[in-house]
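This report refers to the structure that appears directly beneath it.
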Amino acid sequence: MSDTPNLVTGDLEAPTIEAPHDASPPIESDSADRRRRVHDVWVAGTEEPEWVRQATDEGAQELLPDADEPALATQRGVVVSDDYVVDDDVDEEERQIINMGPQHPSTHGVLRLQLELEGETIRRVKPIIGYLHTGMEKTAETLTWLQGPTNVTRMDYLSPFHNELAYSLAVEQLLDVDIPPRAQAIRILMSELNRVSSHLLFLATQGMDIGAVSMMIYGWREREVCLAFFEKVTGLRMNHNYIRPGGVAADLPDGWEDDVEELLSVVPAGVSEYEELLNENPIFLDRTQGVGVITPEECKALGVTGPTARASGIDWDLRKVFPYSGIDAYEFDVPVGKHGDVFDRYIVRVKEVGQSLRIVRQVLETMPAGDYRTEDRKVTPPPRKRIDESMEALIHHFKIFTEGFKVSPGEVYQAVESPRGELGMYVVSTGGARPWRVHVRAPSFAHVQALPVMMTDSLVADIVATLASTDPVLGDVDR
Amino acid sequence: MTDQPAEPTPDDAAAEAVHLPVPDDPILAGLAGAFPSVEFVSFSPAAGPQQDIAHVPAAVYPEFVAAARDSGFDAFVDLCGVDYLRRDPRFEIVVNLLSHERRQRLRIRVGVPGDVVASITQVFEGASFYEREAYDLFGIRFSGHPDLTRILLPDEWEGYPLRKDYSVGSVPVQFKEAHQAT
């Protein structure tokens with residue numbers, strides 16, 4: 001840079017469009033840096049601008065200057081362990097900063113990545129989030145305990161049942177009510193089918209991001225069968241507000257067994273079709289194996305959970321370790337990978353679809369009879385017919401839908417295994433009808449944080465594959 | 001409309017909890033020996049696994065987290081702020097750690113004196129985003145954080161929305177015909 005004349009105050013004449021061409025050597029031997037400058041005409045008297053590779057002019061959300069070491073380590077993804085070799089010979093002038101997103105079809109929502117590139121190699125990554133922030137934790141404080149699921153179901157919009165389940169389980173821990181076995185089985189049925197539908201969407205988008213466009217159509221096709229079942233049971237395809245404190249909103253409709261039977265035959269057939277399409281496809285293997293690697297140590301330090309952590313070899317599934325809603329009554333295996341790359345994350349999810357369907361099959365065969373919600377009248381509104389007959393029922397109905405039921409004071413942390421990882425709810429109650437604080441430990445939030453670790457020192461083309469493999473849902477990240 | 005949640009009282013946290021001077025868990029007992037100022041609470045809720053909670057003074061907070069990591073709680077799970085409006089200290093930081101090997105969770109609660117507390121990004125890199133979130137929404141500042149900027153809200157946002165004295169806001173309802181009705 002030192003030999004480049006300052007075009008504002010330097011010793012050359014005031015720049016014109018033609019002048020630099022006359023003054024400079026042939027364009028082939030020009031450096032990239034100089035070639036960029038040739039076409040810039042600065043207003044006389046202004047400072048020479050800082051070159052974009054040093055810092056972006058983005059206020060606080062800038063990609064920090066090269067000298068800021070601790071933050072730089074974060075963006076380079078070397079904070080836990082530095083697992084790559086820096087090639088010192090790379091030409092400094094090949095560096096540039098690229099903004100990817102927030103509106104990019106393969107950033108899965110509105111994620112923005114600031115990337116510092118050295119030629120084709122990614123040197124630094126800074127994820128910038130918040131474009132979908134709607135203040136749901138604040139909203140949760142203004143809603144009653146019973147209204148809460150309506151709010152939380154919209155966070156991770158691809159696994160709404162898990163959001164509702166985590167919230168309801170947390171509230172029930174504070175309430176200390178017994179949930180009937182049928183309600184628990186329905187919860188497992190719906191949440192495991194939700195895992196299937198979410199993973200199918202992952203397979204669709206992962207395929208499309210890598211270039212297997214037909215996967216996009218296939219994944220959505222099988223997911224549609226799941227969503228049709230959700231609509232039949234809850235009335236809505238997404239954002240169901242079906243699992244509520246005290247049980248579920250309604251019993252399963254007549255003939256639900258036939259729908260689940262159909263689902264259990266359609267989805268495995270589709271999944272084996274995908275496996276045939278992808279598992280030995282040389283292009284797919286090239287794009288995924290050894291790409292976006294994260295080690296178990298990095299997973300633990302960065303809070304990476306779920307299929308992404310299991311693909312790195314961490315044998316950890318909350319359904320096995322801290323079972324909830326009676327899931328320990330069903331038999332299933334936890335698929336674990338070992339390489340921690342994009343391909344292992346894909347294969348872990350494919351296997352999880354099979355295990356979830358195995359649980360669904362068992363639920364179908366052992367669905368207990370009985371109530372679908374607790375009979376505790378302080379929590380569950382009375383049936384409509386009772387309101388006409390009983391004064392107490394009318395009072396309970398009125399109290400639940402105006403003031404809401406009260407929950408004993410305390411704090412509780414409840415986590416469930418969502419399709420993305422550990423979805424936790426930290427709920428603080430002060431004994432009132434509304435929560436004092438609801439904090440959501442969103443799995444995607446931690447995964448976005450871990451993106452620099454996976455992405456740095458790979459190629460630009462691998463960004464999309466790596467991003468898709470963590471399956472982030474930006475509604476979950478920003479809340 | 002119904003009233004807002006009741007103000008928390010200082011002994012809410014202790015409801016139904018068992019205070020043990022020395023926890024019977026060997027790892028926690030070791031931590032208790034090394035940090036006499038830390039108070040441990042354990043209780044088993046009706047549903048769900050046992051919960052172990054450590055009330056840690058802000059002075060030894062990063063050291064305690066480092067010791068907890070070294071004694072097996074090596075997975076970082078969560079960090080969040082809580083605003084207990086009229087309690088002193090007002091803000092609390094809640095950290096969730098996990099031991100995969102022992103299948104045990106440890107919840108660390110730290111009262112924040114004023115609005116500054118030490119950062120644990122040197123211990124767990126994963127705390128970085130969570131501390132930025134707590135700074136963004138509560139205005140709790142973490143000394144030693146490498147890049148403490150707003151994360152969810154725009155940089156020019158004024159105020160800290162999850163504080164209890166920050167209003168949710170409202171849209172005025174306009175009754176346009178009201179003046180004509182006589």
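Throughout, read-outs are computed from the coordinates displayed, never taken from laboratory work. From a predicted model like this one, the values you see are computed outputs, not experimental measurements. When we count neighbours, we look across all protein chains shown, and the Cβ atoms used for this are built from the backbone with ideal geometry, even at glycine.
Here are some notes:
- Taking a ≥ b ≥ c as the square roots of the eigenvalues of the Cα gyration tensor, an a/c ratio of 1.5 or more together with a/b no larger than b/c marks region A:353-422 as oblate.
- For region B:82-101 and region A:118-165, distance of Cα centres in Å: 21
- Residues with amide H under 5 Å from that of A:R441, placed H, sequence gap 5 or more: A:G424, A:M425, A:Y426
- Least to most buried among B:E158, A:E120 (fewest other Cβ within 10 Å first): B:E158, A:E120
- Here, region B:38-182 yields an orientationally averaged convex hull projection of 13.6 nm² when only Cα atoms define the hull.
- Sorting A:C299, B:C80 from the fewest to the most surrounding beta carbons within 10 angstrom yields B:C80, A:C299.
- Per DSSP, loop GluC sites (Glu not before Pro) in region A:298-386 with at most 14 further Cβ within 10 Å: A:E331, A:E375
- Cross-link partners of B:K164 among lysines (Cα-Cα below 19 Å; sequence separation of 8 or more within a chain): A:K138
- 26 Å Cα-Cα reach of A:K385 towards lysines, excluding residues that sit fewer than 8 places from it in its own chain: A:K232, A:K399, A:K406
- Mean partner shielding of peptide A:408-417, defined as the number of other chain Cβ atoms within 10 Å of each residue Cβ, is 6.
- Relative exposure of A:F284, A:F401, judged by other C-beta atoms within 10 Å (fewest first): A:F401, A:F284
- Across peptide B:119-132, the mean count of Cβ atoms from other chains lying within 10 Å of each residue's own Cβ comes to 5.
- Mean-position separation - Cα centroids, region A:354-395 and region A:446-462, in angstrom: 45
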